[in-house]
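The values are calculated or read from the model by the stated rules, or taken from the named source; none is laboratory data. All values derive from a computational prediction rather than experimental measurement. Because the Cβ atoms are built from the backbone with ideal geometry, glycine has one as well, and the counts that use them run over all protein chains shown. In case anyone asks, the SASA skips ligands and DNA or RNA and just uses the protein heavy atoms, side chains included. Shrake-Rupley method; radii C 1.70, N 1.55, O 1.52, S 1.80 Å.
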Amino acid sequence: MLKKLVLIVLTIIAIPLIVAVFTENSYEVERSVIINKPKEEVFNYIKYLKNQSFYSKWAQMDPNMLKTYRGIDGQVGFVSAWSSEKEDVGAGEQEIIAIDEGYRIDFELRFLKPFKSTDPAFMVTEAVDDNTTKVVWGFSGHMDYPMNLMLLFIDFEQVIGDDLQTGLNNLKAILD
């Protein structure tokens, strides 16, 4: 009887671990918005990380979060760091790792609390016409085994996508 109980418990533990081996461990999210301003004007606003305080949903989740900066904003190597007592905000930093002037800015997000993770993100501006710009905001995430099992139960594409879209809508309201 004890042998059967141990076997059942081990099976219950093993099944999710086996499923996690065959589960994706990464995801990508992109959202976009059309802004009624010239591409150059839009890009010159988004390339400054400090401006994210005005449109990013994440930057607005805790008005009392501590923000620190290193380097020259709008240039490769600039780091914007945050720390909050709110668990859903946590602590981390974002660094500009590449700029294709007038077109694309790449970031590295380093989450420190409540979990550790390093993930890439980007923003792209594309001219629709002389006075209209499409902005694409993208994020890629990775979850190591066995935490990747969460990807079966939480739609990170939707959750993060909604936050990106909120930020883009805020950006549009500021710039339009």
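What do you reckon, is Gly90 open to solvent by less than 70 Å² (accessible area, probe 1.4 Å), touching a residue at least 60 places away in the same chain (Cβ under 8 Å) and among the small types (Gly, Ala, Ser)? It is false that Gly90 is open to solvent by less than 70 Å² (accessible area, probe 1.4 Å), touching a residue at least 60 places away in the same chain (Cβ under 8 Å) and among the small types (Gly, Ala, Ser).
For region 11-34, the set of residues classified as within 30 Å of Leu168 (Cα to Cα) and open to solvent by 100 Å² or more (accessible area, probe 1.4 Å) consists of Glu24, Glu28, Glu30, listed by residue number.
The set of residues in region 141-159 being surrounded by 18 or more Cβ atoms within 10 Å (Cβ to Cβ) and more than 23 Å from Asp100 (Cβ to Cβ) consists of Met143, Asn148, Leu151.
Residue-by-condition table, conditions (1) open to solvent by less than 50 Å² (accessible area, probe 1.4 Å); (2) touching a strand residue (DSSP E or B) at 6+ places or on another chain (Cβ under 9 Å); (3) in a loop (DSSP other than H, G, I, E, B):
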residue: Asp73; (1), (2), (3): yes, yes, yes
residue: Gln94; (1), (2), (3): yes, yes, no
residue: Ile97; (1), (2), (3): no, yes, no
residue: Ile105; (1), (2), (3): yes, yes, no
residue: Leu109; (1), (2), (3): yes, yes, no
residue: Leu112; (1), (2), (3): no, yes, no
residue: Phe115; (1), (2), (3): no, no, yes
residue: Ala121; (1), (2), (3): yes, yes, no
residue: Phe139; (1), (2), (3): yes, yes, no
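Can you name the number of the only condition in (1) open to solvent by 80 Å² or more (accessible area, probe 1.4 Å); (2) touching a residue at least 40 places away in the same chain (Cβ under 8 Å) that Leu49 fails? Condition (1) is where Leu49 drops out. Could you please let me know if Tyr55 is aromatic (Phe, Trp, Tyr), at pLDDT 95 or above and farther than 21 Å from Glu157 by Cα? Answer is no for this residue.
Checking each residue in region 151-176 for being more than 22 Å from Asn36 (Cβ to Cβ) and either at pLDDT 95 or above or out of contact with any Ser or Thr (no Cβ under 9 Å at 6 or more places or on another chain) (or both) picks out Phe153, Ile154, Asp155, Phe156, Glu157, Gln158, Val159, Ile160, Gly161, Asp162. For Glu101, indicate whether it is at negative phi, open to solvent by 80 Å² or more (accessible area, probe 1.4 Å) and at pLDDT 95 or above. Considered against the rule, which asks whether it is at negative phi, open to solvent by 80 Å² or more (accessible area, probe 1.4 Å) and at pLDDT 95 or above, Glu101 comes out as yes. State whether the residues of region 60-67 include one that is at pLDDT below 95 and either part of a helix (DSSP H, G or I) or under 16 Å from Glu108 (Cα atoms) (or both). Scanning region 60-67, I find at least one residue that is at pLDDT below 95 and either part of a helix (DSSP H, G or I) or under 16 Å from Glu108 (Cα atoms) (or both), so the answer is yes. Taking region 1-40 as the range and being in a loop (DSSP other than H, G, I, E, B) and in contact with a Phe, Trp or Tyr (Cβ under 8 Å, 6 or more places away or on another chain) as the test, only Asn25 passes.
Here Val89 qualifies as of a type outside the set (Asp, Glu) and modelled with pLDDT under 95.
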